[in-house]
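Chemist: Handing you a structure now.
FYI, it's all coordinate maths here, none of it is from the lab. Just so you know, these numbers come straight off a predicted model, no measurement behind them. So basically every Cβ, Gly included, is an ideal-geometry build from the backbone, and we count neighbours across all protein chains shown.
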Amino acid sequence: MARSIATRTGDDGTTGLLYGQRVPKDHPQIEAVGACDELNAALGAAKALLPATPRGAEVHASLTRIQRQLVALMGEVACAETDAARYAASTFEKVTAEDVRLLDTELAALEARGLRFDGWATPGANPGAAALDVARTAARRAERRLTALAGQGRHLRADVGRFINRLSDLLWLLAREAEQ
């Protein structure tokens with residue numbers, strides 16, 4: 001018999017962290033993981049609206065890589081502070097300085113094409129640009145939730161914060177590129 005997605009363990013308003021600790025569904029770590037999950041879905045929607053061009057295929061591949069890295073990031077966030085060393089020693093994939101460097105490289109390449117931050121944008125020039133702007137705002141929300149965790153006693157590695165910050169910058173530039 002197939003296993004059901006409906007475990008019913010959350011009917012009491014709790015959910016499990018990575019190594020089994022139960023917390024309320026509105027726990028700050030769950031809020032942060034949820035914000036990252038929303039970002040992942042927004043990235044998927046943006047990918048679906050990319051043009052069928054060589055550049056569209058490049059961006060699609062980049063966003064797919066970023067989605068995998070985001071799933072790794074969510075795993076780390078979903079771990080209690082008391083289990084952080086266990087997680088660090090695990091074979092779970094983790095966001096690395098190299099992942100941040102890749103985002104920096106993509107940012108530099110877009111800026112070299114003349115795409116720059118020139119103030120506020122008015123999203124909605126076309127569906128693809130709008131979807132990238134929705135993903136960007138989701139990234140900023142995730143960044144706020146991740147940053148707030150330190151005040152709740154959950155300290156994340158610096159690469160986690162750097163990754164999400166660079167990602168929102170990249171999405172800004174990708175949206176501006178899509179407008180053109």
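Chemist: Under a GNM of the chain (C-alpha, springs under 10 Å), which listed residue has the highest mean-square fluctuation: 46, 125, 35?
Modeler: Fluctuation is largest for 125.
Chemist: While we're here: I need the GluC sites (Glu not before Pro) found in the stretch 77-180, filtered to DSSP loop residues with at most 14 other beta carbons within 10 Å of theirs. Numbers along the way, then the final one.
Modeler: On the way: sites: 81, 93, 98, 106, 111, 143, 177, 179; in loops: 93.
In loop regions of the stretch 77-180 (DSSP not H, G, I, E or B), the sparsely surrounded GluC sites (Glu not before Pro) are 93.
Chemist: Hey, what number do you get for the chain at 222 nm if only DSSP H runs of n ≥ 4 count, each worth -39500 (n - 2.57), divided across all residues, to the nearest 500?
Modeler: Values: 6 runs with 111 residues, N = 180.
Per the formula, -21000 deg cm²/dmol.
Chemist: I'd like the chymotrypsin sites (Phe, Trp or Tyr not before Pro) in the stretch 97-180 restricted to DSSP loop residues with at most 14 other Cβ atoms within 10 Å, sorted by number.
Modeler: Numbers: sites: 117, 120, 163, 172; in loops: 117, 120.
Within the stretch 97-180, the qualifying chymotrypsin sites (Phe, Trp or Tyr not before Pro) (loop, at most 14 other Cβ atoms within 10 Å) are 117, 120.
Chemist: Taking the structure as given and computing semi-axes √(5λ) of the Cα gyration tensor in Å, which label from (i) 23, 21, 13; (ii) 31, 18, 15; (iii) 21, 19, 17 fits?
Modeler: Here semi-axes √(5λ) of the Cα gyration tensor in Å agrees with entry (ii).
Chemist: If you take the square roots of the eigenvalues of the alpha-carbon gyration tensor of the stretch 106-180 and sort them as a ≥ b ≥ c, do you get rounded (a/c under 1.5), prolate (a/b over b/c) or oblate?
Modeler: Working: a/c = 3.19, a/b = 1.88, b/c = 1.70.
Cα axes put the stretch 106-180 in the prolate bin.
Chemist: Stretch residue 4-residue 26 to full length: gain in nm at 0.36 nm per residue minus the Cα-Cα span? Could the numbers behind the result be given before it?
Modeler: Numbers: separation 22, 0.36 × 22 = 7.92 nm, distance 2.35 nm.
Result: 5.6 nm gained on full extension.
Chemist: Going by C-beta contacts inside 10 Å, put 168, 4 in order with the fewest on the left. List each step's numbers first, then the result.
Modeler: Values: 168 19, 4 7.
With the fewest neighbours first, 168, 4 line up as 4, 168.
Chemist: A further question follows. Could you pull out the trypsin sites (Lys or Arg not before Pro) across the stretch 1-47 that fall in loop regions by DSSP (anything but H, G, I, E, B) with no more than 15 other Cβ atoms inside 10 Å?
Modeler: On the way: sites: 3, 8, 22, 25, 47; in loops: 3, 8, 25.
Qualifying residues, ordered by number: 3, 8, 25.
Chemist: Let me ask another. So if I take the centroid of the Cα atoms in the stretch 64-101 and the same for the stretch 144-170, what is the distance between those two points in Å?
Modeler: After rounding, the separation between the Cα centres reads 12 Å.
Chemist: Output ³J(HN,Hα) for the stretch 138-153: one whole-Hz value per residue in order, computed from phi by the Karplus curve 6.51 cos²θ - 1.76 cosθ + 1.60 with θ = phi - 60°, and x for Gly and Pro.
Modeler: Each residue of the stretch 138-153 in turn: 5, 5, 5, 5, 4, 4, 4, 5, 5, 5, 5, 4, 4, x, 9, x Hz.
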